[in-house]
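Here the structure comes first, spelled out in structure tokens, and everything after it is commentary.
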Amino acid sequence: MAHAKDMDLYCGACHMLVDEIHWEINQTDPKRTIQVGSFRIMPDGSQRLSEIPYKQSTVQLTELLETACSKPGDYYQSVDKLTNTKIYRRQNRRDGQPASLKNLTLSKDIMKMLKFASCVKRVRCMM
């Protein structure tokens, strides 16, 4: 693959994942909880369950990573004039303001490469 060693691409994909996950976590109601516990059933038929905060739980992070592959389509490529590195930015800002369209490169190939880098390599960047 031509983009296998494109560090700007992989760094951009990792930044995209972290940005998306961070934003989603911050949108989570801090009072929301989930029940966790053992799958072991006691002789009386009960289970040991406890409630933990959903925010930043393994369950939430797993769910966010499972949907991360749909996010590269929301990004475009730009090139920093000072460092000549590729930067990936959201097409639509979350605050409703228009995004900067300077040095914009938007193509299906870039989205495919970003999707590959974010989905295939996401475990490496999260470790």
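Brief remarks on what is shown
- In this structure, the residue pairs whose Cα-Cα separation is over 19 Å, taken from 81/115; 86/108; 81/112; 71/112; 71/102; 71/115, are 81/115; 81/112; 71/102.
- Rounded FRET efficiency, nearest 0.05, which uses the C-beta distance separating residue 56 from residue 92 and R0 of 35 Å: 0.85
- Here the relative contact order of the chain, from alpha carbon pairs under 8 Å that lie six or more residues apart, stands at 30 percent.
- Distance (nanometres) between label positions extended 7 Å along Cα→Cβ at residue 32 and residue 7: 3.8
- Under a 5 Å amide H cut-off, with hydrogens placed 1.01 Å from N, residue 33 pairs with 54 among residues at least 5 apart or on other chains.
- Note on segment 1-109: dipole from Cβ charges, positive end direction compared against 12, 73, 87; the farthest Cα belongs to 87.
- Taking label points 7 Å from Cα along the Cα-to-Cβ direction, residue 69 and residue 22 give a separation of 2.5 nm.
- Exposed-loop-free span, longest in the chain, where trypsin sites (Lys or Arg not before Pro) count as exposed if DSSP calls them loop and at most 13 other C-beta atoms lie within 10 Å: 49-80
A short reminder: the numbers here are calculations on the coordinates, not readings from a lab. These numbers come from a predicted model, not from an experiment. Cβ atoms come from the backbone with ideal geometry, glycine included; neighbour counts cover every protein chain shown.
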